[in-house]
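Read through the structure below, which is laid out as C-alpha cells, and then see the notes.
The values are calculated or read from the model by the stated rules, or taken from the named source; none is laboratory data. Computed from a predicted structure; not experimentally measured. Cβ atoms come from the backbone with ideal geometry, glycine included; neighbour counts cover every protein chain shown. With ligands, DNA and RNA removed, areas are computed over all heavy atoms of the protein, side chains included. Shrake-Rupley method; radii C 1.70, N 1.55, O 1.52, S 1.80 Å.
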Amino acid sequence: MQTEVKEKPRYAIVASVQLPEVSDVEFEASLTELSELAKTLGFQVVQTFVQKRNSFDRTAYMGVGKLEEISMYVKRGIRADELEDEPQEMDASAVEIDAVLVDHEISPSQMRNLELAVGCEVMDRTMVILEIFHRNARSRAARAQVEIARLGYMAPRLREAAKLAGPQGRQRSGMGGRGSGESHTELDRRKVRDRIAELQREIIAMELERKTQRARRLERQGMGLGGVSLVGYTNAGKSTLMRALTGSEVLVANKLFATLDTTVRVLYPESVPRVLVSDTVGFIKNLPHGLVASFKSTLEEALDASLLLHAIDASDPGFLRQLEVTDEVLKEIGADELPRIRVFNKIDHVGDEAAQAAWTAELQQRYPGCVVMSALRPDDVSSLRAAIVSFFQQDLVEDELLLPWSAQQLRGEIYSHCQVLEEHADEEGSRFRVRGEPEKLRSLRERLNPGSQGREKEHWEV
C-alpha cells in the first residue's frame, strides 16, 4: 500500500520599500500580488516587513535597522500560532524561514548583501516570477523562452557568485603570467551567451514551424473561420471562461500563472462562421521585460485573432490597475488596435444580488459595450457567446443556393459554412436561404451548380 508523501511546507517573509511616489493602495496591491506569486511557488508568507524611504539603499535595498529586525525574526523562527494552517506536530526544520521575498527587482550586489545580512536565501520579484514560469512551462517553445529569460537574469549575477566563491573562483587555468587563464566567471558568461544564442535559433525554427501549422489549419478550415483570443490579468478567470465557452477541460487553478502555454479550442456549440478561442498567458504588473520579450511568440497568438476578449476581475478593488497593465502589454506586442470586448468576470464575488446589480450598472455605464458576468453561470456564458457570434456574423450576407439532386453529398458543405435560415425542395433539388461570407457563398454556388447562377431566385418560394 502506497503512502502519500506530503510536500514539506516552505515559509517566506515579504520585504518591501515604499517610495514617496507610490500610494498606499498601489503598494498594498503589489504586496498582495507578491504573496499570491509566493503561493504559486509553494511558499506560505508568514510576515511582511515594510520600510518607507526616499530611495532604495544602494548596498542592501533596505536600511540597517530594518535588516537587523528581519535578521532577528529569521533567527527566532516561526511559532505555530503564526501559521495559517497550524500543524499538529512541528519539527525544528518546519519552523525555519526558507526565503525572504523582495517586492522589487534588486541588483546582484544588493541581493548578495541582503542575504548576508538576514541569514537566508533572498529572491526578488523577478526571480520569483521566473521560477514560476520555469516550473509551469510545458511546451518546447515555452521552456526555451523561459530558459532564455532565466539565463539573461542570471548572467550579471555570476560576478557576485564568484565573489562568494573566493579567489579560487576567479582563475580557472593558465600557463603564462597574469590574466592568461580564463576565469570561472568569464567562462560561465561565455557559456550563457552561447546557450542563449542556441535557444534563440531553436525558437526561430519553432516559430516557422508554428506559422506553417497555423497556415495549414486555416487552409483546412477554409475561410469561414473566426479567431478569438482571451487576454487579461493573470487570475482574472480566463481559464474558467475558456472552459465555459468551449466545453473543454482546461486547467483551472486559483494560482497566478497556473497556465503558460496557449490553448486553442472551438467555440461550443459551433457557430457560423466557426470560431476558434485561444487562451494566452496572463499579464502582471512589473512583468520582467525579459519575459515580455521571450513570451512574445506566445502572446502573438492574440495578433492572429479578429477579436480580443479582455478578461477583468470585477471583484478586485484594483481592477483599474489590471486594465492598465493589460493595455500596456498589448501595446508592446502591437495588439492594442484589435477589436475588443471587455469582460468583467467574477461578478458573483461582489456581495449580494443588490450589490452585484449596482456594480454591474456602474461598470456598464463606465465601459459601454462591456459584458459583466460570472463564468460559472450558464446564462451569462450564453450571453457572451451570443456577443462573440454576433461580432463574426456582422459582415455576413443573405443569399439563396440550389443544391441539385445529383450533388446531395455536398449538403454538409452548406451546413458547415453557412447559417441555414430556410430549406425546401422542388423538382431541381434542395433550395436554401442562407447567411454566410460573400466569398464563401460565391465559392459554394460555383461548386453546387456551375453556369446556373442567378436562376435560384426565380424558383424560390416563401
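If I filter segment 384-416 down to residues being in contact (Cβ under 8 Å) with a residue 60 or more places away in the chain and among the β-branched types (Val, Ile, Thr), which single residue comes out as nearest to Val372 (Cα to Cα)? Within segment 384-416, the match that is nearest to Val372 (Cα to Cα) is Ile388.
Against the list (1) assigned to a loop (DSSP other than H, G, I, E, B); (2) touching a residue at least 60 places away in the same chain (Cβ under 8 Å), the condition Glu33 fails is (1). Scanning segment 3-27 for residues that are among the charged types (D, E, K, R) and exposed (fewer than 10 other Cβ atoms within 10 Å of the Cβ), which turns out modelled with the highest pLDDT? Filtering segment 3-27 for residues that are among the charged types (D, E, K, R) and exposed (fewer than 10 other Cβ atoms within 10 Å of the Cβ), the one modelled with the highest pLDDT comes out as Glu21.
Residues that are within 27 Å of Glu209 (Cβ to Cβ), modelled with pLDDT of 80 or more, open to solvent by 20 Å² or more (accessible area, probe 1.4 Å) and not acidic (Asp, Glu) within segment 137-166 comprise Arg140, Arg143, Ile148, Arg150, Leu151, Gly152, listed in sequence order.
Filtering segment 340-358 to residues that are open to solvent by less than 60 Å² (accessible area, probe 1.4 Å) and either in contact with a helix residue (DSSP H, G or I) (Cβ under 7 Å, 6 or more places away or on another chain) or within 21 Å of Leu245 (Cα to Cα) (or both) leaves Ile341, Val343, Phe344, Asn345, Lys346, Ile347, Asp348, Val350, Gln356. Checked against the criterion of being charged (D, E, K, R), within 30 Å of Gly412 (Cβ to Cβ), part of a loop (DSSP other than H, G, I, E, B) and modelled with pLDDT of 75 or more, the candidates Glu249, Glu270 yield just one match: Glu270.
Taking segment 52-64 as the range and being open to solvent by 20 Å² or more (accessible area, probe 1.4 Å) and either in a helix (DSSP H, G or I) or not polar (S, T, N, Q) (or both) as the test, the residues that pass are Lys52, Arg53, Phe56, Asp57, Arg58, Val64. Answer with yes or no whether Val95 is modelled with pLDDT under 90, more than 27 Å from Pro156 (Cβ to Cβ) and open to solvent by 60 Å² or more (accessible area, probe 1.4 Å). When the stated conditions are applied, Val95 does not pass them. Annotation: Ala375 fulfils all but one of (1) touching a residue at least 24 places away in the same chain (Cβ under 8 Å); (2) surrounded by fewer than 19 Cβ atoms within 10 Å (Cβ to Cβ); the unmet one is (2). Any idea which residue in segment 58-79 is nearest to the chain's Cα centre (by Cα), counting only those that are over 13 Å from Val118 (Cβ atoms) and among the basic types (Lys, Arg)? In this case the residue turns out to be Arg58.
Take segment 390-412 and flag every residue that is part of a helix (DSSP H, G or I) and surrounded by 18 or more Cβ atoms within 10 Å (Cβ to Cβ). Phe392 - this is the single residue of segment 390-412 that is part of a helix (DSSP H, G or I) and surrounded by 18 or more Cβ atoms within 10 Å (Cβ to Cβ).
Does segment 65-85 include one or more residues that are assigned to a loop (DSSP other than H, G, I, E, B), modelled with pLDDT of 90 or more, of a type in the set (Lys, Arg) and at negative phi? No.
Across segment 167-202, the qualifying residues are those that are at pLDDT below 55 and hydroxyl-bearing (Ser, Thr, Tyr), and the one among them that is farthest from Ile132 (Cα to Cα) is Ser180.
Which condition from (1) closer than 16 Å to Val14 by Cβ; (2) within 20 Å of the chain's Cα centre (by Cα) is the one that Phe133 breaks? (1) is the only condition that Phe133 fails. Tally up the residues in segment 320-339 that are crowded, with 17+ Cβ neighbours inside 10 Å and in a helix (DSSP H, G or I), please. Within segment 320-339, residues that are crowded, with 17+ Cβ neighbours inside 10 Å and in a helix (DSSP H, G or I) number 6.
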